[in-house]
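First comes the structure, then the notes that go with it.
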Amino acid sequence: MTPLLSRLRDHVARRRLFVGGGTAVVAVSGGPDSVALLDLVHSLAPELGLTLVVGHADHGMQAGSSSVGQAVAALARRYGLPFELGELHLGPDATETAARRARYAWLADVRRRRAARYLVTAHHRDDQVETILLRLLRGSGPAGLAGMPARARGGLVRPLLAFTHHDLVEHVAARGLPVHHDPANRDPRHLRSWVRTVLLPLVSARLGAGARDDLARAGRAAALERRAWDRVLRHLPDLELRLDEHGFDVARGALAGYDNALAVAVLRAAARRAGLVLGPRRARQLVRLARRPSGRRQALGGEWAAEVAFDRIRVSRAGAREVGEVGEGGEVVEVVVDDERGRARFGEFRVEWSAEPAPERLARGDWTTWIAGGAWEVRRLRPGDALVPLGGVGHRPVRRLLMDARVSRSDRAHYPIVARGETILWVPGICRSAADLPRPGTPAVRVDVTKHDEPQADRRA
């Protein structure tokens, strides 16, 4: 075992970077850092229970970049590992930011296709120092100055943050591994390269070699503060923080009881838990929004938006609410029942159906119902939609039913409505209509709806 491998083994165990085994996509650019990463993680994979996949993104920004991909593919074969090549075709004028976004989008796609638990990258201590300095120059707060975490959302793991670029270069040299040196890493026209090759040497020359250690120490102090605020959220039960895959929401009454500085800090900490970097100015806007009437909205930049929904304030990705496989652009999709099982997605919801005799009685507000045979459909709410509730009298507007169930305005437009033609049969989890009820024991279609891939209240077998 090489000295660096032994140190990494202890570091991974101490920090619990890989909690449980699984498939890990290792991002390999072909440079010394990522080649060292692959060699090291490959050595540790059996004891960590990891199955590795090598991923290489060819940005298509330099002539001859395909040869680097071929070299990485050869390295993957040397280790007996599957290889994924992403040809991104960005062109020579692409920016650092565009290249990074395209690369991570492709790596995320590889992780999904491979059902991988982890995405492993070669960021090291020198990268961390550069990140902290860049964020300082851009005016980041303590959360930003904490730098890159060793574990992050999306299964991202950075196991080399405790080690320097020099450590990794020495390792690949001792192991005789082939590497590619990207000239862009030394090109000061790129901002990060300028920090690396111009600014940091100037800072070190003026303040001494310990300047890099000082920056790293400042980052660790900021990380401690960030973790402290994350833990504060656990001790604010009145805030009623709720997180899901699309964002978070909190009780706005509790938020209104905090002074502005505390409210801003709590919202920023909650946003970080949801994967949103929320600046102080935006957080102050949310504090003001929380005092406004239900239904008010605030754009937060990118895909993110906030909404006051009754006694809560909700922050989520706006794009997360688009209809998925069931209906492109929210158009009606008709599901023809022919005694076969089926399933589909409707935005955040999963719809499953199967042939099953109707029970003795149906409940009005469950997430499971039975429908008499024939074509039916799942669609969005339309103007004028109304139904006669099961066991009720008179028509009720579906919009009013959704409001009474405290479904926020933005969610109402994307809530699944089960209908047959113009007849509303069911608003899942809210109201079954009295229309087209199957007689007990007769052939029918059982329909189950779940949200966020989690079981709902009705779990009858």
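The values are calculated or read from the model by the stated rules, or taken from the named source; none is laboratory data. It should be emphasised that the depicted structure is a prediction, and the values quoted were computed from it without experimental measurement. Note that we place each Cβ from the backbone using ideal geometry, even for glycine, and neighbour counts take in every protein chain shown. Areas reflect the complete protein model, heavy atoms only, side chains present, ligands, DNA and RNA absent. Shrake-Rupley method; radii C 1.70, N 1.55, O 1.52, S 1.80 Å.
What the table below lists for this structure:
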quantity	calculated
Members of segment 31-49 found to be open to solvent by 20 Å² or more (accessible area, probe 1.4 Å) and more than 19 Å from Tyr104 (Cα to Cα), listed by number	His42, Ser43, Pro46, Glu47, Leu48, Gly49
Given (1) under 27 Å from Arg16 (Cα atoms); (2) surrounded by 15 or more Cβ atoms within 10 Å (Cβ to Cβ); (3) not aliphatic (A, V, I, L, M), index of the condition Asp214 fails	(2)
Filter result (assigned to a helix (DSSP H, G or I) and either without any contact (Cβ under 8 Å) to a residue 12 or more places away in the chain or within 19 Å of Arg297 (Cα to Cα) (or both)) within segment 270-285	Ala270, Ala271, Pro280, Arg281, Arg282, Ala283, Arg284, Gln285
Segment 105-119, residues that are of a type outside the set (A, V, I, L, M, F, W, C) and either crowded, with 17+ Cβ neighbours inside 10 Å or over 13 Å from the mean Cα position of the chain (by Cα) (or both)	Arg111, Arg113, Arg114, Arg117, Tyr118
Any pair with Cβ under 6 angstrom, 6 or more apart, that starts in segment 293-319 at a residue that is in contact (Cβ under 8 Å) with a residue 24 or more places away in the chain and ends at one that is open to solvent by less than 20 Å² (accessible area, probe 1.4 Å) and of a type in the set (S, T, N, Q)	Glu307/Ser408; Ala309/Ser408
Subset of segment 153-176 [open to solvent by 40 Å² or more (accessible area, probe 1.4 Å) and out of contact with any Pro (no Cβ under 6 Å at 6 or more places or on another chain)]	Arg153, Gly154, Ala162, His165, His166, Glu170, Ala173, Ala174, Arg175, Gly176
Residue identified as surrounded by 14 or more Cβ atoms within 10 Å (Cβ to Cβ) and farther than 22 Å from Val169 by Cβ among Val12, Val53	Val53
Residue ID - surrounded by the fewest Cβ atoms within 10 Å (Cβ to Cβ), chosen from residues in segment 236-282 that are acidic (Asp, Glu) and within 20 Å of the chain's Cα centre (by Cα)	Glu245
